[in-house]
1. How about region 48-70: which of its residues are in contact with a helix residue (DSSP H, G or I) (Cβ under 8 Å, 6 or more places away or on another chain) and surrounded by fewer than 17 Cβ atoms within 10 Å (Cβ to Cβ)?
2. One residue is enough: does region 35-55 have a residue meeting the conditions in contact with a Lys or Arg (Cβ under 7 Å, 6 or more places away or on another chain) and either more than 18 Å from V218 (Cβ to Cβ) or not assigned by TED's automatic domain parsing to the domain that holds A258 (or both)?
3. Can we say L222 is in the same structural domain as G25 (by TED's automatic domain parsing) and within 20 Å of L186 (Cβ to Cβ)?
4. Looking at region 78-132 only, could you name the residues that are more than 22 Å from D18 (Cβ to Cβ), part of a loop (DSSP other than H, G, I, E, B) and at pLDDT 85 or above?
5. Restricting the search to region 223-248, which residues are of a type outside the set (D, E), in contact with a helix residue (DSSP H, G or I) (Cβ under 8 Å, 6 or more places away or on another chain) and touching a residue at least 60 places away in the same chain (Cβ under 8 Å)?
6. May I ask you to verify whether V29 is hydrophobic (A, V, I, L, M, F, W, C) and more than 22 Å from Y259 (Cα to Cα)?
7. Of the conditions (1) of a type outside the set (D, E, K, R); (2) loosely packed, with under 14 Cβ neighbours inside 10 Å; (3) closer than 27 Å to T89 by Cα; (4) at pLDDT 95 or above, A155 fails just one. Which one is it?
Amino acid sequence: MTVSAAALPRDEAVAKADYVLEARGLTKVFGGFAAVKDVNLSVRRGAIHALIGPNGAGKTTCFNLLTKTLVPTGGRILFDGHDISALRTSEVARRGLVRSFQISATFPNLTALENVRVALQSSYGTAFHFWRSLRAVAPLNRRAEDLLEQVGLGASRDTLAAELSYGKKRALEIATTLALEPRVMLLDEPTAGMGHEDVEPITDLIRSAAVGRTVLLVEHNLSVVSTLCDRITVLQHGQILAEGNYAEVSNNPAVVTAYMGGVDE
């Protein structure tokens, strides 16, 4: 009898899943400097996968290549088995590969509800209907309210984004990303700059948002990585240094040396 991945516990489902996002020989050269060199990365469908490394490891450049913010010098990027290397950010976003905290930037002078509704207008093909009456976009309000409830902002629906706390702004950005119905969410340092009181709620929110989809994140907070991620890729000098679960990479002598040795960008 064949057991579907959906019927398995998360760790087993991830282990049996195929790859949804891949980099093959990914390279980026600035002048004569190779910021990313021949990176082969495979992100399993349904996984929460972290890209980490000491300062200057090349993780941000790699992340920007995967999200199409930068054009690769060499190599290929595959999404669901299709080569997306030549596609624009907007094109891959429509396919379900969505980067949070940049593509889904919030509007400070709109309420939380209005921010999510704008994202929904893009998702539902009404992005250019700003000139229409509020009654015309009212059907999107229920979905926007549902998304705000999912991220714990139900009580803040009428609060301007500019007036939200830092942690709640991050939650709103995740809500606007979810409005785009991503199959793969790419999160760029989701807990950066947060106080301790905000880190755990955002970590829990990412875990909840990952149900039914794949997450790839760049994250400096190794405590977050250790509790959240199924698989971790460690970069150093623009190349993959190690890969595995947290126990495997944290006990890898090369990884320990890289973090303790003060590697420069």
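1. Taking region 48-70 first, the residues in contact with a helix residue (DSSP H, G or I) (Cβ under 8 Å, 6 or more places away or on another chain) are 48, 50-54, 57, 67-70.
Correct list: T69 only.
2. Scanning region 35-55, I find no residue that is in contact with a Lys or Arg (Cβ under 7 Å, 6 or more places away or on another chain) and either more than 18 Å from V218 (Cβ to Cβ) or not assigned by TED's automatic domain parsing to the domain that holds A258 (or both), so the answer is no.
3. yes
4. Of everything in region 78-132, those that are more than 22 Å from D18 (Cβ to Cβ), part of a loop (DSSP other than H, G, I, E, B) and at pLDDT 85 or above turn out to be A86, R88, F107, P108, N109, L110.
5. Of everything in region 223-248, those that are of a type outside the set (D, E), in contact with a helix residue (DSSP H, G or I) (Cβ under 8 Å, 6 or more places away or on another chain) and touching a residue at least 60 places away in the same chain (Cβ under 8 Å) turn out to be V225, L228, C229, R231, I232, V234, L235, Q236, G238, L241.
6. Values: hydrophobic (A, V, I, L, M, F, W, C): yes; more than 22 Å from Y259 (Cα to Cα): yes.
Spelling it out, V29 is indeed hydrophobic (A, V, I, L, M, F, W, C) and more than 22 Å from Y259 (Cα to Cα).
7. All conditions pass for A155, except number (3).
One line per residue, one yes/no per condition, for (1) in contact with a strand residue (DSSP E or B) (Cβ under 8 Å, 6 or more places away or on another chain); (2) within 27 Å of L66 (Cβ to Cβ):
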residue: D146; (1), (2): no, no
residue: V151; (1), (2): no, yes
residue: A155; (1), (2): no, no
residue: T159; (1), (2): yes, no
residue: A162; (1), (2): no, no
residue: G167; (1), (2): no, yes
residue: A175; (1), (2): no, yes
residue: L180; (1), (2): yes, yes
residue: T191; (1), (2): no, yes
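The values are calculated or read from the model by the stated rules, or taken from the named source; none is laboratory data. Keep in mind it's a predicted model, so treat the numbers as computed, not measured. Cβ coordinates were reconstructed from backbone atoms using ideal geometry, including for glycine residues, and neighbour counts include every protein chain displayed.
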